[in-house]
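These notes are about the structure you will find just below.
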Amino acid sequence: MHPNAQLLTGFYEAFQRQDGAAMAACYHADAHFTDPVFPDLRGDGPGAMWRMLCGQAKDLTVEFSGIEADDSTGKAHWEAHYTFSVTGRTVHNIIDAAFTFQDGRILRHIDTFDFWRWSRMALGAPGLLLGWTPIVRGKVQGQAAKGLEKFRASEA
């Protein structure tokens, strides 16, 4: 198995254990993460996000598959089942991930998922009716950013 495929396997195994610190250790110091909820995390931001999400998880289960990697790029498919803490609603999120690597670490990580599908599960009727709009996406992103900022302050 290519070393970068081993890195990704270890990353997702740590996620299954809810070990945010081990996930954070997989990132390069100049890392950049993006997904529909956290669109622009840089440096130690991606690691902080995973530490926060794993630390707050109550009933998270993660499954991963399709890991492929070479010297510069990689990809994976993963699915998460959890209760969205804000609403208490059950979510089954389906994510495809793309990676670039540098110095044996994850440099760029892009998670792609259907935000409207996620918002319907996580938010219920408001997500069904308005989850496709930039207004709802912006509100979710803003709340996520504030939560991460608060978490990072608590770590300091």
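The values are calculated or read from the model by the stated rules, or taken from the named source; none is laboratory data. Owing to the predicted nature of the structure, the values given are computational and were not obtained by experimental measurement. We place every Cβ from the backbone using ideal geometry, glycine too, and count neighbours over all the protein chains shown.
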### Task
Give the residue that is nearest to the chain's Cα centre (by Cα), with candidates limited to residues of segment 1-18 that are surrounded by fewer than 18 Cβ atoms within 10 Å (Cβ to Cβ) and in contact (Cβ under 8 Å) with a residue 60 or more places away in the chain.
A5
### Query
How many of the residues making up segment 61-89 are loosely packed, with under 14 Cβ neighbours inside 10 Å, in a strand (DSSP E or B) and either at pLDDT below 95 or aromatic (F, W, Y) (or both)?
0
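Of the residues that make up segment 113-121, is at least one at pLDDT below 90 and in a helix (DSSP H, G or I)? Working first, answer last.
Taking segment 113-121 as the starting set, the residues that turn out to be at pLDDT below 90 are none.
No.
Check segment 103-114 and report whether any residue there is at positive phi and touching a residue at least 12 places away in the same chain (Cβ under 8 Å). Explain how you work it out, then say what you get.
Pass one, segment 103-114, residues at positive phi: 103-104.
Still in the list and also touching a residue at least 12 places away in the same chain (Cβ under 8 Å): 103-104.
Yes, there is a match, as at least one residue in segment 103-114 is at positive phi and touching a residue at least 12 places away in the same chain (Cβ under 8 Å).
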### Task
Inspect segment 138-146 for any residue being buried (at least 18 other Cβ atoms within 10 Å of the Cβ), in contact with a Cys (Cβ under 7 Å, 6 or more places away or on another chain) and of a type outside the set (S, T, N, Q) and give the result as yes or no.
no
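Check segment 126-136 and report whether any residue there is among the hydrophobic types (A, V, I, L, M, F, W, C), crowded, with 20+ Cβ neighbours inside 10 Å and in a helix (DSSP H, G or I). Can you show your working first?
Here is the first cut: in segment 126-136, the residues among the hydrophobic types (A, V, I, L, M, F, W, C) are 128-130, 132, 135-136.
Imposing the further condition that a residue be crowded, with 20+ Cβ neighbours inside 10 Å reduces the set to none.
No, segment 126-136 contains no residue that is among the hydrophobic types (A, V, I, L, M, F, W, C), crowded, with 20+ Cβ neighbours inside 10 Å and in a helix (DSSP H, G or I).
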### Set A98, A122, A76: member being farther than 16 Å from L7 by Cα and either among the hydroxyl-bearing types (S, T, Y) or in contact with a strand residue (DSSP E or B) (Cβ under 7 Å, 6 or more places away or on another chain) (or both)
A122
### Query
Taking segment 39-56 as the search range and keeping residues that are touching a Gly at 6+ places or on another chain (Cβ under 9 Å) and surrounded by fewer than 18 Cβ atoms within 10 Å (Cβ to Cβ), which one is farthest from N93 (Cα to Cα)?
G55
### Message
Just to check your reading of the model, which residue among A48, A21, A69, A31 is farther than 30 Å from I135 by Cα and touching a residue at least 60 places away in the same chain (Cβ under 8 Å)?
### Response
A69
### Query
Looking at segment 103-120, which of its residues are in contact with an Asp or Glu (Cβ under 8 Å, 6 or more places away or on another chain) and of a type in the set (S, T, Y)?
T112
